[in-house]
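Below you'll find the structure, written out as structure tokens, and then a few comments.
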Amino acid sequence: MMRLNFYAGSGLDRAAHRRKDEAWLADRLRHPQAARIIPWWRGRHLVTGSDDAPLPAYLPVTADWWGWHLSMPPIFLGDDGTHSYFAVDLSPMEDVDTHAEVAKLGRFVELRSLGTRIGQRAGGLYAYTRALMLWHGKHRFCGTCGAPTIVAEGGHSRRCTNPECNAQHFPRHDPAVIMLVHDGGDRCLLGRQARFPPGMYSTLAGFVEPGESLEETVIRECLEEAGVRVTDVRYHSSQPWPFPSSLMLGFHARATTFDVRPDQEELEDARWFSRDFIRQHQGSEQFRLPPFDSISRQLIDAWLRG
Ligand SMILES: [Zn+2]
């Protein structure tokens, strides 16, 4: 069974063969019934509906007002069988919160503030949009020669404008491991960073370093962050995490040492929790787990189920 974590599962056929077909892309953008336009504004997404049940909102395909505000051509995301989805960057707009045409459609909000209430498909669609938009924003210049780059392949690459260089650049992810460490019995190791909400404990995590396998990263991070040695590193599932550009690779691992020594620069606390403690105290002021949109919560819940 494929485990589908939140921020994946947009359900789109990415139709990569269409990315270089400029005539087809332009044609889809001319037909109101053929396209859905997802706007992005300075890190925020457009939603409508109530805060409890937000829904994705789209720009009217043929309206003339938004085309003037784009920082770059529309990005082709893919097809759902009925519509072709495009993402557009409206960040040059200064007055988005008071713009009359925007107000008719909805409001711009941070993706993480929506949580799982936005639903799997829209969550996946918005995370996909966010990852691409953030990558474009940071790659306007060529990393090889320093010349400006331009959008290519429907927004899935950038090409250097220096004809002597002509380098092509593709969206990047930063692989990170995230792991539920258990003692082989009834306890798991959770830690908290100072920036977490009060009482929240989560799994350990860290970026994969150059020249390192995922298993080596899990072992190193557990030792660095909590002073605990682990073995039996087992893959669980993965999650796109565009905050800003990670791919989370989730594992379970078994501890072979149990004395916890948190690295105070990374964690303000780390300790062992029993299943009974978590079940009894989860959601209290004293103790809470990470939100459901995170892979950390899925790793913990999978272990709780045994
Ligand atoms: Zn270049």
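Computed from the coordinates by the stated procedures, all read-outs in this text should not be read as laboratory data. It should be emphasised that the depicted structure is a prediction, and the values quoted were computed from it without experimental measurement. Note: ideal-geometry Cβ built from the backbone for every residue, glycine included; neighbour counts use all protein chains shown.
Spin-label model, Phe207 to His31: label points 7 Å out along the Cα-to-beta-carbon direction sit 4.4 nm apart.
Secondary structure note: in the chain, about 75% of the DSSP beta bridges are antiparallel. Comparing Cα centroids, region 184-260 and region 267-284 end up 16 angstrom apart. Packing here is the average count of other Cβ atoms within 10 Å per residue, and on that basis the peptides 163-170, 7-14, highest first, run 7-14, 163-170.
By how many nm would the segment from Glu216 to Glu265 grow when fully extended, if each residue of separation counts as 0.36 nm and the alpha-carbon distance is taken off?
On the way: separation 49, 0.36 × 49 = 17.64 nm, distance 2.12 nm.
Length difference between fully extended and current span is 15.5 nm.
Listed peptides 57-65, 70-78 appear in the order 70-78, 57-65 once ranked by packing, highest mean of other Cβ atoms within 10 Å at the front.
Set the Förster distance to 22 Å, then compute FRET efficiency between Gln120 and His281 from the Cβ-Cβ distance, nearest 0.05. Could you put the intermediate results ahead of the total?
Details: r = 29 Å, r/R0 = 1.30.
With a Förster radius of 22 Å, E is 0.15.
Rounded to 0.05, the FRET efficiency of the Asp52 and Thr98 pair, given R0 = 30 Å and the Cβ-Cβ distance, is 0.75. Among the trypsin sites (Lys or Arg not before Pro) found in region 99-162, those both in a DSSP coil and sparsely packed, with 16 or fewer other Cβ atoms within 10 Å of their Cβ, are Arg140.
In this structure, the amide hydrogen of Ala147, modeled 1.01 Å from its nitrogen in the peptide plane, lies closer than 5 angstrom to those of Cys142, counting only residues at least 5 positions away or on a different chain. With the chain treated as a Gaussian network of Cα nodes joined by springs under 10 Å, which of Ile37, Ile295, Ile150 yields the largest mean-square fluctuation? It is Ile150. In the elastic network of the chain, a GNM with C-alpha springs shorter than 10 Å, the most mobile of Phe86, Phe196, Phe251 is Phe196.
Please work out how much length the chain gains when fully extended from Asp21 to Ala302, using 0.36 nm per residue of separation minus the C-alpha to C-alpha distance, in nm with one decimal. The partial results should precede the final answer.
Numbers: separation 281, 0.36 × 281 = 101.16 nm, distance 4.34 nm.
Here the segment from Asp21 to Ala302 would lengthen by 96.8 nm.
Put simply, the amide H of His236, placed in the peptide plane, has neighbours under 5 Å in Gly250, Phe251, His252, leaving out anything fewer than 5 places away on its chain.
Long hydrophobic helices in the chain, taken as whole DSSP H segments with a C-alpha length of 20 Å or more on their own axis and mean Kyte-Doolittle hydropathy at least -0.5: 120-138. Checking Cβ-Cβ separations below 4.7 Å across the chain identifies Cys188, Cys222 as cysteines lacking any candidate disulfide partner.
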